[in-house]
Every structure is written in C-alpha cells, then in structure tokens.
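The values are calculated or read from the model by the stated rules, or taken from the named source; none is laboratory data. This structure is a prediction, so every number in the text was calculated from the model and none was measured. Positions of Cβ are backbone-derived with ideal geometry, glycine not excepted, and every protein chain shown enters the neighbour counts.
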Amino acid sequence: MWQWLKRLFSPGAAPAEPAPQVWNFRIKGGRAEIGAVNDALERAAMAGEVPEAAMRAMQVALDELLTNAITHGSVSLNDPMQVDLIIHKSALRAMISHAGPAFDPTEVAAPDLEGSLQDRQIGGLGIHLVRSMMDEFSYEHADGRNVLKLGKRFK
Amino acid sequence: MEIQVTREGDVAVLSPLGRIDSATSPEVEQVVDQQLALGSTRLLFDLAHVDYVSSAGLRVFLVAGKKAQRAAGRIALCNLSPTVREILVIAGFDRVLATAASRGEGLAKLI
C-alpha cells in the first residue's frame, strides 16, 4: 500500500529507459570499412542484450545498403558516408547518409522469386532482404544527400 | 576469410568461417571455381560456422548451383543457422537449392 501511494504521488520516480548507445562511423569508400561497422555492431550487441537474430538482420541490411551506396553513390574521402548505429533497449536503429544522385531503395520493385535454378537472377535480392528483415525502412533526399533509416525491434 | 575444404568421397565439402558478404564472397567464389576446375561438381556448403549470408553470398550459391548443374553435378547447403535459413527462404532459394540439417544428410543428397 505504501509503495503504491509513493508511486502514485511521485510519477517522476518510475524507472527511466536507459539512454541509447550511439555509434558514429565515417565511411570513405572502402568495402573493408563496412566490415568494421559490422564488427562494432557485433561487439556492442553481444556486450548488451540485443538478441542475435536482430543483430544479424541489421548486419545483413547494413552490408546491402552500404555496399550499394559505395557502388552507386558518391562516397569519397572528402565527402564520406555517415553511419549512425543506435542501440535502444528494445530496438536497433541505423541512419545512413551519403552524397550522390537521389535513389530511393524503398521503391525498388520486389524481385521475381519463381523459376528454376537456371532461371533465377540475383538482381533486387539485396533490397528485398532489407525490406523483409527490417521493421522500419525509410528514405528521404535532403540537402543533396540520400538518407536511409532502418529499425529492427525486439522483445 | 577462412574456408576449409575437405573431401567426402566424390563430394567437396566447403566450410567457410564467418560472414559471407560483399567483402568475403569473392573468396568463396574463388574456392568454388577451383573445385569445379578440378572436376568436383558435387559441392556441399557446410554453413555451421557462417554468421550470415548477404545477397553477395546468395549470388555465390546461385552461380555455384548453375555451374555445377551445367557440369552434371549439383550443390547442397547444410547446417544452416536460423538467420541463414531465414535469408534463404526470403530469397526463395530454399526452392531451388537442396538444404540439409546435417553434413551426413547433405552428403546423402549429393550421392
């Protein structure tokens, strides 16, 4: 009863959600740098309470989108791609921002998944994986940059 | 990346260690091509120590499957983690590539 009254009269006393962990990366164009982002994500997730499935899904999404940006965008030493990883209590989020022609991957058509082994093509599968494995996937073009936001919720 | 290659009768078993993604998939493809050049057209990928496969890795499996089939062989994948299985299903590859729960079951599918 006393505990209940205390809670009732001190709403500020409810346990606050821990502050999210934020990691920032600057990628200048090397594919090995993608591996470094995914290494950091793996270490941070393993040290915290991120389920492995959520971490792996985010690693796949980052490999797909960062590789696409390096291949098709204008990522360079002078204008690096920014990658922010945010580890919340019950979600992993990422924000990717890079220069280059406007390209909205969320609008890419789903690939054809039918056909025999010899008929199957690889095109479009990467974005299809991202769309299927992420809970949040959004795009905007702002100040000449492509900005992608990803989220994977858990628990 | 480390890729162990062992022989089980007529089957070459490829066991990569780590991630099969845009950075590492060329190495896997190189090992596949080496095996095909040696006349090994039955390939078993043991994925027990693979954390995840991105579309770059899926491409390697697809190309390996096509090349092996054209040489009258085939490929199979075994010991998939839940993440790797999910990725194969999302890509629809579980319908065109043989998968097995264990190495023994995978070998049986290639004999």
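Annotations for the structure displayed:
- Inside the stretch B:15-38, residues that are over 9 Å from B:Ala56 (Cβ atoms) and of a type in the set (Ser, Thr, Tyr) make up a count of 1.
- Among (1) more than 21 Å from A:Gly29 (Cα to Cα); (2) touching a helix residue (DSSP H, G or I) at 6+ places or on another chain (Cβ under 6 Å) - the single one A:His98 does not satisfy: (1)
- Scanning the stretch B:8-27 turns up no residue that is within 10 Å of the chain's Cα centre (by Cα), closer than 19 Å to A:Asn38 by Cβ and not in a strand (DSSP E or B).
- Here B:Leu36, B:Leu43 are screened, and the one residue that is part of a strand (DSSP E or B) and either closer than 15 Å to B:Gly73 by Cα or out of contact with any helix residue (DSSP H, G or I) (no Cβ under 6 Å at 6 or more places or on another chain) (or both) is B:Leu43.
- From the options A:Phe103, A:Phe154, residue that is in contact (Cβ under 8 Å) with a residue 60 or more places away in the chain and either in contact with a helix residue (DSSP H, G or I) (Cβ under 7 Å, 6 or more places away or on another chain) or within 29 Å of B:Ala98 (Cα to Cα) (or both): A:Phe154
- Exactly one residue among B:Val60, B:Val89 is within 10 Å of chain A (Cβ to nearest Cβ), over 13 Å from the mean Cα position of the chain (by Cα), at pLDDT 95 or above and part of a helix (DSSP H, G or I), and that residue is B:Val89.
- Failed item, numbered, when A:Ala99 is tested on (1) under 23 Å from B:Asp51 (Cβ atoms); (2) surrounded by fewer than 21 Cβ atoms within 10 Å (Cβ to Cβ): (1)
- The residues listed here are B:Asp94, B:Asp51, B:Asp33, B:Asp10; of these, the one that is of a type outside the set (Gly, Ala, Ser) and facing chain A (nearest Cβ under 9 Å) is B:Asp51.
- Tabulated pairs, the stretch A:33-52, first within 15 Å of B:Gly18 (Cα to Cα), second buried (at least 20 other Cβ atoms within 10 Å of the Cβ) and hydroxyl-bearing (Ser, Thr, Tyr), C-beta under 7 angstrom, 6+ apart or interchain: A:Ile34/B:Ser22
- Residue in the stretch A:3-18 that is out of contact with any Lys or Arg (no Cβ under 6 Å at 6 or more places or on another chain), modelled with pLDDT of 90 or more, of a type in the set (A, V, I, L, M) and not in a helix (DSSP H, G or I) present: no
- Test: residue in the stretch A:119-131 that is of a type in the set (S, T, N, Q), outside any loop (DSSP other than H, G, I, E, B) and more than 8 Å from every other protein chain (Cβ to nearest Cβ): no
- Scanning the stretch A:57-81 for residues that are surrounded by 15 or more Cβ atoms within 10 Å (Cβ to Cβ), polar (S, T, N, Q) and not in a loop (DSSP other than H, G, I, E, B) turns up A:Gln59, A:Thr67, A:Asn68.
- Checking the stated criteria, A:Leu62 turns out to be facing another protein chain (nearest Cβ under 10 Å) and modelled with pLDDT of 90 or more.
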